[in-house]
Amino acid sequence: MRKIREILEDASNGICYDSYKYCADDEIKVPTLKYEENQNFTILKDRYGETDTSLKQTKDLTKKAKQLSKTEPLFKFFLDGSRRTYKVDDIEINKRIFPIMAGQIGVACCERKSPSKFCCCELENNLVISLPTEANPEVKNTELFFNNIKDKINLIERVKKAGVKFSNVLSYSSKLNQDSADLKYEHLGIAAIQDEMVDCEKKIVSNLTNKNLLNEDNYLLKDGSLQYKPMKTGDYKELSKIKNNFRCVIGVSKLFNPEFSKDKSGKSNAAALAKLKLYHRTPAYMFQHDMEKWSYLGDYKYSVWYVRIRDSKYTESPFAGIVKIEKILITDNENEYGLESDLIDVITANIINERNPVCYGNDKRWANHLYPVYLTEKFLKSKYLSDIHFLNLF
Amino acid sequence: MKQIGKIIATEKVPTTVDDFFFWTDKELIIKPFDVVKVNHIKNSITFGVVQEISHLTDNSSFLAGFISSDFGDVNYQQYTQRIGMNYVHAKVVGNSQNIYTPVLDGSYVSLADEDDIKEALGLKDIKNPLTCGFIEMYEQPNSVTIPVHFNSHFLIGPEGAHLNISGISGLASKTSYAMFLLKAIQDKYLESKSDESVAYVLFNVKGRDLLAIDEPNIELTDEDFGIYKMLGLTTSPFQNAKYFYPYSKDIFSSTYGRDVKSQMELGKACLYKYIFEDDKESIDLLFSNVDDPNQTMESIVNYIATGQGGFNGITNWSELLKEVYEHTKAGSSGKDKEITVLSWRKFYRLFRKTIEKTTIFSNSLSSKAKDCEVRLKDSILNIQKNDLYVVDVAKLDEETQGFVFGDVIRSIYELKLGQANDRSESEIPSKIIIFIDELNKYASKEVPKSSPILRQLLDITERGRSLGIILFAAEQFKSDIHDRVKGNCSTHAYGRTNAIEISKPDYQYVPPVYKSMLTRLKQGEYILQNPIFRSLLNIKFPKPIYKQFKNG
């Protein structure tokens, strides 16, 4: 019976080492947080992220939240993506040794049909392998080459018997970035898998938009930041389409580096944030990605603000209980003046109303977690193959 | 049928030969005793009976629940309810192809239809069917009502015999259930052309409970009659009933019955008496609840019955009393050193109390037909097929009640053994069913071991099956009953009882959920155990078909 590594050896003229296989998520420090917060995006100084420019301090939304709690919730769809990565082998190509990374990617969108009915609406569950670009002995036809490998792998008896299918063989560039010295090939492999996951997320958002499921009354709440790293392959048209898909999408991050939160003058806002009162939100700031580096992306701005959903007396750190909310600015008007403050209030009040139930005891991040997101995450994880099962495919 | 969930087998809670677990929607209504079926290997079907239903959420602790209500705000309403599901613990009762390997994770679980339920519970193709109630399963629109039948050979012999009904007074309606079964038996044997025949001896121990069983219950509605018809029973009250009231000059002083006179005129009631000449040998029964470790009471009874000392030639109860009194005098025990004066005194005290209090001890029987006076023993010895005797002991004191009961079962025993008279075996009913409430008075664990009634009851439960003497007994607390008496019953009916009772070892084998169900069973609901059923059954039965007296 042929093994996956034999196929890889054949195709890449390399030698596999049959080294120790493990789940990379725990072993290697994964640049997830960094990924969300790496400063591809800079705050636009002296620009407000919202129309109400008089708001200098925080704003109390207790009343608004109470008032809205009697109406239908704004958020109906909840999106979460996650991936589990594994280092499955090392391969020697051209006297250099590269890791072979593999991963399970899951992106789920759940729908809240009623308070008691929560169900899956879209699910992407993919298995991928990530190889260095060197694996392709030729310069041309990269896509074709990796596709070919994928097909061959899917024909392997063991893969078939397990009833699974690899959806993609990804490639990562073996060029080490000099700026970040701690970056290793493993990280590059994982990054490729992460990119694939982000693509999946975008695909699902696009699906929902195509089905006309998202509108002013039915928002999508995405776990994590919306600050997608611009794809190197992305073209402007594609991006503007993506941008439009995100008209009714909010990104909520439970983990954020408070040091990166800046006020509109660009100074660190961490101390003020720590003192944020319960159910208060900060003014919204406007962010933009690094225009110098990614000028081809055009105008791509965000409004970002923070809200405290849990009293700090109950939480373990002053930042627990605060979530960061982002929304992509779509229209010219928004790009110019920021989001309507009223909309921001409604969104924030709805987030406040999502604070319960809590996953206290099940998740250390309970103070920052929103329960529907937590459920989506749980659902997603339940769909993964077990680590042992997955690793034994190799 | 409707699929309601799937099997879950986990590392910690696997499915086994005996049990399985499945999840269901949290709003699905299902209850203990409901039957479910599971698709199993080789296209077979495994049947299970629901035991425990649990609701589960991802709440890790009570504290998380408190926090989720906005740190203790009872009025707080949330957008999302916590995710939750129900999981059900079911007990395997069978497989369509006798495959008993555990059911597999992810297998479909569905409700069962009538046929499935019958197969699952062992109610299919029952031989010698005898109605014992009906089961109701599931909620509308899936509800199913199925009549349940015993195999009569397992209730009234020859394979198994005796019934024990337990439950607290009033709420359990023990008498009603026993009477319902007797009604079913009477219906069956009145029409039966087989050699088997049945006669009944019932004791009325409470008010007028059983004193009008051949009169209809006017409170029954068409719906009640419908249930009787559904169960294949007639809607008429009991037939061939004959009532035996304790004799007294003023009849109302010895019975709660009000219609004694009219019943006597109709020829279906008699007054019973005990005559010294014929019944002196039974006086041991008067002392059955007296602690008698040295068997002095027994010796005295023996002494009297054999006519020793001055007891030879005595012809009536008062002379007997007088003679006993003679023996209580100091120095009178010269002749019979074995029995001390003190014992005679005790005997005298107890004996006098009973003789003077009750009126059934008499010197002679009236020979006039209109007086309808009988010796109970004579009537019992002449009991005919399908006869239904109701012996009223409700207003008698406890000792006399025991005396009458003991005397009746002793007579039945003698009749069935063929010692009593010259009746040919074919003439005697092949089975005689005795129904007694308050069994605890005669066969509780505290009754002295020497009690003649207890000995008689043990005889019946242990050997009665082969003789055709069947005991239907009821009591409030089963745990009080002598182990050998209840242990020999093939059928047990558990009505509503209380928490203290179910904590006793008698209920050890009952699953915890059923135990707590026992404490809240409705009137007209029983949990049945019979050798032919594969598991305990929660059955219902209709309201009594005979006249009910609300105020006793």
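The values are calculated or read from the model by the stated rules, or taken from the named source; none is laboratory data. Fair warning: this is a prediction, and the values are worked out from it, not measured in the lab. Here Cβ is always computed from backbone atoms with ideal geometry, including for glycine, and neighbour counts include all displayed protein chains.
Check the range B:9-17 and report whether any residue there is on the phi > 0 side of the Ramachandran plot, part of a loop (DSSP other than H, G, I, E, B) and in contact (Cβ under 8 Å) with a residue 12 or more places away in the chain. Scanning the range B:9-17 turns up no residue that is on the phi > 0 side of the Ramachandran plot, part of a loop (DSSP other than H, G, I, E, B) and in contact (Cβ under 8 Å) with a residue 12 or more places away in the chain. Looking across the range B:348-369 at every residue that is in contact (Cβ under 8 Å) with a residue 60 or more places away in the chain and either hydrophobic (A, V, I, L, M, F, W, C) or surrounded by fewer than 18 Cβ atoms within 10 Å (Cβ to Cβ) (or both), the one that is nearest to B:Tyr245 (Cα to Cα) is identified as B:Ile360. Of the residues making up the range B:121-173, those that are touching a Phe, Trp or Tyr at 6+ places or on another chain (Cβ under 9 Å), at positive phi and in a loop (DSSP other than H, G, I, E, B) number 5.
Condition check ((1) without any contact (Cβ under 8 Å) to a residue 60 or more places away in the chain; (2) touching a helix residue (DSSP H, G or I) at 6+ places or on another chain (Cβ under 7 Å); (3) surrounded by fewer than 18 Cβ atoms within 10 Å (Cβ to Cβ)) across all residues:
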residue	(1), (2), (3)
B:Ile117	no, no, no
B:Ala120	no, no, no
B:Gly133	no, no, no
B:Met137	no, yes, no
B:Gln140	yes, no, yes
B:His149	yes, no, no
B:Leu155	no, no, no
B:Pro158	no, yes, yes
B:Ala161	no, yes, no
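Report yes if A:Trp305 is out of contact with any His (no Cβ under 7 Å at 6 or more places or on another chain), assigned to a loop (DSSP other than H, G, I, E, B) and buried (at least 18 other Cβ atoms within 10 Å of the Cβ), otherwise no. No: the conditions fail for A:Trp305. B:Lys449 meets each of the listed conditions (1) more than 21 Å from B:Ile283 (Cα to Cα); (2) among the basic types (Lys, Arg); (3) without any contact (Cβ under 8 Å) to a residue 12 or more places away in the chain apart from (1). Taken together, A:Phe41, A:Phe78 contain a single residue that is crowded, with 20+ Cβ neighbours inside 10 Å and modelled with pLDDT under 60, which is A:Phe41. Within the set B:Val93, B:Val103, B:Val35, the sole residue that is within 33 Å of the chain's Cα centre (by Cα) and surrounded by 21 or more Cβ atoms within 10 Å (Cβ to Cβ) turns out to be B:Val35.
Residues in the range B:81-101 that are assigned to a loop (DSSP other than H, G, I, E, B) and either more than 14 Å from chain A (Cβ to nearest Cβ) or of a type in the set (Phe, Trp, Tyr) (or both): B:Ser96, B:Gln97, B:Asn98, B:Ile99, B:Tyr100, B:Thr101. Residues in the range B:51-80 that are facing another protein chain (nearest Cβ under 7 Å), among the acidic types (Asp, Glu) and within 25 Å of B:Trp23 (Cβ to Cβ): B:Asp58 alone. Looking only at the range B:200-241, how many residues end up being surrounded by fewer than 20 Cβ atoms within 10 Å (Cβ to Cβ) and aromatic (Phe, Trp, Tyr)? Counting residues in the range B:200-241 that are surrounded by fewer than 20 Cβ atoms within 10 Å (Cβ to Cβ) and aromatic (Phe, Trp, Tyr) gives 1. Residue count for the range A:343-363, restricted to those that are at negative phi and either at the interface with chain B (Cβ under 10 Å from one of its Cβ atoms) or part of a loop (DSSP other than H, G, I, E, B) (or both): 11. Look at (1) among the aliphatic types (A, V, I, L, M); (2) in contact (Cβ under 8 Å) with a residue 24 or more places away in the chain; (3) assigned by TED's automatic domain parsing to the domain that holds B:Met230 and you find that B:Ile545 fails only one, number (3). Can we say A:Asp90 is in contact with a Ser or Thr (Cβ under 8 Å, 6 or more places away or on another chain), away from chain B (no Cβ under 14 Å), surrounded by 24 or more Cβ atoms within 10 Å (Cβ to Cβ) and charged (D, E, K, R)? Spelling it out, it is not the case that A:Asp90 is in contact with a Ser or Thr (Cβ under 8 Å, 6 or more places away or on another chain), away from chain B (no Cβ under 14 Å), surrounded by 24 or more Cβ atoms within 10 Å (Cβ to Cβ) and charged (D, E, K, R). Filtered by the rule that a residue be of a type in the set (Ser, Thr, Tyr) and under 18 Å from B:Lys515 (Cα atoms), the range B:533-551 gives a lone residue, B:Ser535. Highlighted here are the strands (runs of 3 or more DSSP E) found entirely within the range A:69-171 that include at least 3 residues which are of a type in the set (Asp, Glu): A:75-93.
Considering only residues of the range A:364-392 that are of a type outside the set (Lys, Arg), surrounded by fewer than 21 Cβ atoms within 10 Å (Cβ to Cβ) and touching a strand residue (DSSP E or B) at 6+ places or on another chain (Cβ under 9 Å), which is nearest to the other protein chains (Cβ to nearest Cβ)? In this case the residue turns out to be A:Phe379. In the range B:198-225, the residues that are assigned by TED's automatic domain parsing to the domain that holds B:Ser430 form Cβ pairs under 6 Å with partners that are surrounded by fewer than 16 Cβ atoms within 10 Å (Cβ to Cβ) and not polar (S, T, N, Q), at six or more places apart or across chains, as follows: B:Gly207/B:Gly552; B:Arg208/B:Phe549. Yes or no: B:Phe33 more than 13 Å from chain A (Cβ to nearest Cβ), on the phi > 0 side of the Ramachandran plot, of a type in the set (Phe, Trp, Tyr) and in contact (Cβ under 8 Å) with a residue 12 or more places away in the chain? It is true that B:Phe33 is more than 13 Å from chain A (Cβ to nearest Cβ), on the phi > 0 side of the Ramachandran plot, of a type in the set (Phe, Trp, Tyr) and in contact (Cβ under 8 Å) with a residue 12 or more places away in the chain. Among the conditions (1) closer than 21 Å to B:Tyr389 by Cβ; (2) within 17 Å of the chain's Cα centre (by Cα), B:Ile428 misses just one, which is (2).
Between A:Thr62, A:Thr51, A:Thr85, the distinction of being of a type in the set (Val, Ile, Thr), more than 30 Å from A:Phe379 (Cβ to Cβ) and away from every other protein chain (no Cβ under 14 Å) belongs to A:Thr51 only.
Can you tell me which residue within the range B:1-31, out of those that are among the hydrophobic types (A, V, I, L, M, F, W, C) and more than 13 Å from B:Gly48 (Cβ to Cβ), is surrounded by the most Cβ atoms within 10 Å (Cβ to Cβ)? Taking the candidates together, the pick is B:Ile8. Confirm whether B:Glu136 is within 36 Å of the chain's Cα centre (by Cα), over 30 Å from A:Lys66 (Cβ atoms), among the acidic types (Asp, Glu) and in the same structural domain as B:Asp19 (by TED's automatic domain parsing). No, not satisfied.
Of all residues in the range A:49-64, those being hydrophobic (A, V, I, L, M, F, W, C) and either modelled with pLDDT of 90 or more or touching a Lys or Arg at 6+ places or on another chain (Cβ under 6 Å) (or both) number 1.
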